[in-house]
Each structure stands twice: as C-alpha cells, then as structure tokens.
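Structure record follows, encoded as structure tokens.
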Amino acid sequence: VKLIYNGFIKPKKEIGISSDNLKKKLGIKKNTFVFLVLANLIPYKNHKLVIEAVDSLRKIVKKEFKVIFLGSGKDAYKKFLKNLIKEKKIEKYFIFKNKTKNIQTFLQITNVGISSSLEEGLSNSLIEFISEGITTIATNVGGNSEITNNRNGFLIENNNKKQLTKAMEVLLYDRKLLKNKSIESKKDSKKFNLGQMVKNHTILYKKIINS
C-alpha cells in the first residue's frame, strides 16, 4: 500500500465580496470570533456535538462568537438541527449557509475550523483550513490525526462534548496560542501541496514501469 496525500488547490476569492462585506452580509460584527464547520448536512458529520458544545460554552464565556454551518443536505436533518438550536434558545450563535464553490471568503473570516465527524476518511475541509493557516479542532477519527494535532490545533476524543467546549473556550481567549497554532497549521499544510502530490504519483508510476 502506498499513501499519497491529496493535493490542495487554493480556490480563487469570490470577486466583489470582501471579508468585511461578507461579515456584514451575514450579520456578524467585525470583531466577532468565528467558528466554521465546513461539512455537508449529514448525520455522521455530527453537527449536534457542536450545538451541544455551544450550549455549554455560552454559559461560561462573555466574548461574542458565531458558528457557521456551511454545507447542504437533506431538509429533514437541517430541520432537526435548527429545532435543537431553538430548543436550547441559542439561535443567535448559529448561521446556516448552503454549499458553495466560493468558500475562500468564508475561510478569510474564520478564526477556527471544526470537524466534529463521527467518522472520516481524509478530511478535505481540514486540509482547506490548514492551507489558510486556520487553527482546527477535530475529532480523532479516520485520517483526522494526520492533519490536526495538538501542535497546530486540538485533536479531541470522538463525540466528546466536554473536550470540544474546552478547546473552543481556550482558543476564544488565548489569542497568542491561537496565533502559534495558526503558524503551525500553515507549516503542516505543505505536505498537502498539489505539486508534491503530482511528484509522488510520478515517482510511483516510474517505479512500477521500471520494475
């Protein structure tokens, strides 16, 4: 078995929409801290964990923050999530946006990326986050540990609300730690470079041909 990581192509920024304009359009104040969950609305992506963590977080922090769920899926699951948020009376913390090809501007306004999945392969969303130098919080499932670690973010136990809440709280308040982890994210993103992926495929093919 030969492992070759996905190569990431940085998408172009959407023309005519700046980071400040997007925040304004979404009703987010300029200095509000933003968590982004970049995942389709599918149950195994476990958005429910993020909702439960926010319900705990809002009781212990005073800083303004928002969580953006960016992705599309079945209406029934979206309705379930929105009803859960409504039950907990935490609507003001959440924004739902449909799947878009123009994610670059959303990444520009993101402070922390979250992957709360119950299962994963190699998460493209985590690769997209670290390629922008965004600190990540990810559950330790599938290949997440090959992208997120406790140097560039927080790797938490699967479906652990307490650990997710704590990681979100720490990053909300410790800007120095957030910056340091962001720098490490950018460094680690180099192994998911498109050129390196092409090079590794070429080496593999030549090896097979020569054998």
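The values are calculated or read from the model by the stated rules, or taken from the named source; none is laboratory data. What you see is a predicted model; the values in this text were computed from it and never measured. Here Cβ is always computed from backbone atoms with ideal geometry, including for glycine, and neighbour counts include all displayed protein chains. The accessibility values were calculated without ligands, DNA or RNA, using every heavy atom of the protein model including side chains. Shrake-Rupley method; radii C 1.70, N 1.55, O 1.52, S 1.80 Å.
Data for the structure
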read-out: Residue 22 open to solvent by less than 30 Å² (accessible area, probe 1.4 Å), within 23 Å of residue 127 (Cα to Cα), of a type in the set (A, V, I, L, M) and modelled with pLDDT under 95; value: yes
read-out: Complete set of residues in region 150-209 that are open to solvent by 50 Å² or more (accessible area, probe 1.4 Å) and acidic (Asp, Glu); value: 157, 174
read-out: Wholly within region 141-211, helices (runs of 4 or more DSSP H) carrying at least 3 residues that are within 22 Å of residue 56 (Cβ to Cβ) and aliphatic (A, V, I, L, M); value: 161-173
read-out: Residue in region 11-24 that is within 26 Å of residue 189 (Cα to Cα) and either polar (S, T, N, Q) or assigned to a strand (DSSP E or B) (or both) present; value: yes
read-out: Of all residues making up region 86-108, the number that are at pLDDT 95 or above, open to solvent by less than 50 Å² (accessible area, probe 1.4 Å) and either small (Gly, Ala, Ser) or not in a helix (DSSP H, G or I) (or both); value: 4
read-out: Members of region 150-159 that are touching a helix residue (DSSP H, G or I) at 6+ places or on another chain (Cβ under 8 Å) and of a type outside the set (Phe, Trp, Tyr); value: 151, 152, 153, 155, 156, 157, 159
